[in-house]
Amino acid sequence: MRISIVLCLLTLLVFMGCQESNVPNAIHSDSDVIAGVWQAQGSQKAVEIDEQGKLVSFTNVAGLKISIAEGGISQVGRHGEGMLYLILGETPVEFDPLRRILKITINFDDYRMEVPGGSVSGKLTEVLEGGVSADGKSWMVTSSTSGSIDTLPIADDTETERYLFQKVD
């Protein structure tokens, strides 16, 4: 008798625990909140996050769109006199659903810019971090860019800017 009661209770718990939420527009995964294309107001800067919460692509302030799957980019200058190489490293996306903080880190393991008269190379990291609004349509970001230049004795240089991103899809 005790075994049958325990089995009945376990069966009820399993069925009750596995039902979907009846809350309208319930979020079933953290990546539901962050998935989509986010565009910075007044800037060409943008990021695209897939349904699994991974970074698909990003566009820098100059409008250069880089696909994560390609692993980097090389581009000839407008007048054929320069070259840009960017080799991507890790691009983790982190989302804290309790605090609603989204953080994207974009690591360039190697970059090189060649212009007439010289070149610059090194490593670069950009961190986009900030709070996502309760409705999931805006993201107030602090963008911190730091890096090192191989040809200069300066070890690190950091630049910080603020952006308001809007979800566009």
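Counting other beta carbons within 10 Å of each Cβ, put Lys65, Lys123 in order, fewest first.
Lys65, Lys123
Starting from 0.36 nm per residue, how many nanometres of slack lie between Ser67 and Val115 once their C-alpha separation is accounted for? Walk me through the numbers before you get to the answer.
Working: separation 48, 0.36 × 48 = 17.28 nm, distance 2.41 nm.
Difference between extended and current length: 14.9 nm.
Once both labels are modelled 7 Å past Cα along the beta-carbon direction, what's the Glu129-Leu164 spacing in nm?
About 2.3 nm separates the two model spin labels.
Which value results for Rg/Rh of the stretch 62-127 when Rg is the Cα radius of gyration and Rh the Kirkwood radius based on the inverse mean 1/r? All intermediate terms of the calculation are to be shown ahead of the outcome.
Working: Rg = 14.9 Å, Rh = 13.5 Å.
That ratio is 1.10, to two decimals.
Values quoted throughout were computed directly from the atomic coordinates according to the rules given, and no laboratory measurement underlies them. Treat the numbers as computed from the prediction; the structure is a model and nothing was measured. Here the Cβ is made from the backbone with ideal geometry for all residues, glycine too, and neighbour counts use every protein chain on show.
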